[in-house]
Amino acid sequence: MEKKPCSNSRTVKTAQILPPDANAYGTLFGGKLMAHIDDVAAISAVRHARKSVVTASTDSVDFLQPVKVGDSICVEGFVTAVHNTSMEVFVKVVKEGLLTAEKTVCATAFLTFVALGENGKPDIVPRIYPETEQEKVLFEGASRRRERRNERRKESQKMAKMFGSE
């Protein structure tokens, strides 16, 4: 399988924040922003794998600045690392005050997706290679993030077993 550059998976989505998207303080609901993030990340993963994907984890979503009604958000993501059947995707969100033209990174996130073959089972995906300095930094930190993700997953499995379904 031929390696692909990170840039092949780059996905960008822009949306304006309207009153139904906001809470009582006039700022974007965190869950709405997370839906935009998951959407962009999933498209990035599909673009890389050219297969169906499922979200395996959301490692982090860091809300750095509030987004107000009337602002726009630009959600950008790309695959930063690959491990057999899974892909790590980095997403950044830039808010823009449409009347002021002021732009600020308001959120960042890392998500993991698993590619599925036609049989619905995890399937191998092509490796990636970084080209820009930013891509290289993210690529080089991926194994450390993967270790933390696996440790957190083990903790989650313990909690699920301890608390059960009843």
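Any read-out appearing in this document is the output of simple, stated calculations on the displayed coordinates, not a laboratory observation. Being a predicted model, the structure only gives us computed values, none of them experimental. Quick reminder, even Gly has a Cβ in these numbers, built from the backbone with ideal geometry, and neighbours come from all protein chains shown.
Can you sort CYS6, CYS74, CYS106 so the residue with the fewest Cβ neighbours within 10 Å comes first?
Ordered from fewest to most neighbouring Cβ atoms within 10 Å, CYS6, CYS74, CYS106 come out as CYS74, CYS106, CYS6.
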Could you work out the Kirkwood radius for the chain, taking every pair of different alpha carbons, averaging 1/r and inverting it, reported in Å? 16.9 Å
Going by Cα centres, the stretch 24-95 and the stretch 150-166 are how many Å apart? 25 Å
So what is the relative contact order for the chain, in percent, with contacts set as C-alpha pairs under 8 Å and at least six apart? 26 percent
Relative contact order (percent, whole number), the stretch 37-88, Cα cutoff 8 Å, 6+ residue spacing: 41 percent
Could you list ASP39, ASP71 in order of exposure, starting from the residue whose Cβ has the fewest other Cβ atoms within 10 Å? ASP39, ASP71
State, to one decimal in nm, how far the label point of LYS3 lies from the label point of TYR129, with both points 7 Å from Cα in the Cβ direction. 0.4 nm
Take SER52 and GLN157, extend 7 Å from each Cα along the Cα→Cβ direction, and tell me the distance between the two endpoints in nm. 2.5 nm
Given pairs LYS13/LYS154; LYS13/LYS121; LYS121/LYS161; LYS3/LYS121; LYS92/LYS121 and cut-off 26 Å on Cα-Cα distance, the over-length ones are LYS13/LYS154; LYS13/LYS121; LYS92/LYS121
